[in-house]
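Below is one structure, written out as structure tokens; the observations come after it.
The values are calculated or read from the model by the stated rules, or taken from the named source; none is laboratory data. Keep in mind that what you see is a predicted model, and the values were worked out from it rather than measured. So basically every Cβ, Gly included, is an ideal-geometry build from the backbone, and we count neighbours across all protein chains shown. Side chains included, ligands, DNA and RNA excluded: accessible areas come from the protein's heavy atoms. Shrake-Rupley method; radii C 1.70, N 1.55, O 1.52, S 1.80 Å.
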Amino acid sequence: QVQLVESGGGLVQPGGSLRLSCAASGTIFSINAMGWYRQAPGKQRELVATITTGGSTNYADSVKGRFTISRDNAKNTVYLQMNSLEPEDTAVYYCNAVIKQYGTSPLRLYWGKGTLVTVSS
């Protein structure tokens, strides 16, 4: 079994910062791409940022210059540093990861259960 567990969400004022973490645990042979998505109330889930094993990153236009994704491969953990937060960033943030459980296993996409980020004064 593989689990992804997010942490670091909470209430922050506009202009503030938060750092989200997502740790993968369980039977893991290798992890390929990892990413963050978010879902605001009444809206569809959308891409926030992704990062490859080699560190190449991709961001949604709405967060470019404000959010930074990074990963620690030794800890099977992906991070999202969020600066200059806006009320529009309020959402449940989900991490995902493409994981191979065993050397002969196919790649499979796993999701965490999400962490709530609320940006409000």
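Test T27 against the stated conditions and say whether it is open to solvent by 30 Å² or more (accessible area, probe 1.4 Å), among the hydroxyl-bearing types (S, T, Y) and under 15 Å from the mean Cα position of the chain (by Cα). Break it down into steps so the answer makes sense when it comes.
Values: open to solvent by 30 Å² or more (accessible area, probe 1.4 Å): yes; among the hydroxyl-bearing types (S, T, Y): yes; under 15 Å from the mean Cα position of the chain (by Cα): no.
For T27, the condition - open to solvent by 30 Å² or more (accessible area, probe 1.4 Å), among the hydroxyl-bearing types (S, T, Y) and under 15 Å from the mean Cα position of the chain (by Cα) - is not met.
State the number of residues belonging to the stretch 79-121 that are out of contact with any Phe, Trp or Tyr (no Cβ under 7 Å at 6 or more places or on another chain) and either assigned to a strand (DSSP E or B) or open to solvent by less than 10 Å² (accessible area, probe 1.4 Å) (or both).
12
Just to check your reading of the model, which residue among G16, G65 is touching a residue at least 60 places away in the same chain (Cβ under 8 Å) and assigned to a loop (DSSP other than H, G, I, E, B)?
Details: G65 fails: touching a residue at least 60 places away in the same chain (Cβ under 8 Å).
On inspection, the qualifying residue turns out to be G16.
Out of (1) of a type outside the set (G, A, S); (2) at pLDDT 95 or above; (3) closer than 17 Å to L11 by Cα, what's the single condition that is false for R66?
(3)
Check whether at least one residue in the stretch 4-16 is surrounded by fewer than 14 Cβ atoms within 10 Å (Cβ to Cβ), modelled with pLDDT of 95 or more and over 19 Å from V117 (Cβ atoms), and report yes or no.
There is no residue in the stretch 4-16 that is surrounded by fewer than 14 Cβ atoms within 10 Å (Cβ to Cβ), modelled with pLDDT of 95 or more and over 19 Å from V117 (Cβ atoms).
S70 versus (1) more than 10 Å from the chain's Cα centre (by Cα); (2) in a strand (DSSP E or B): which is the lone unmet condition?
The single condition S70 does not satisfy is (1).
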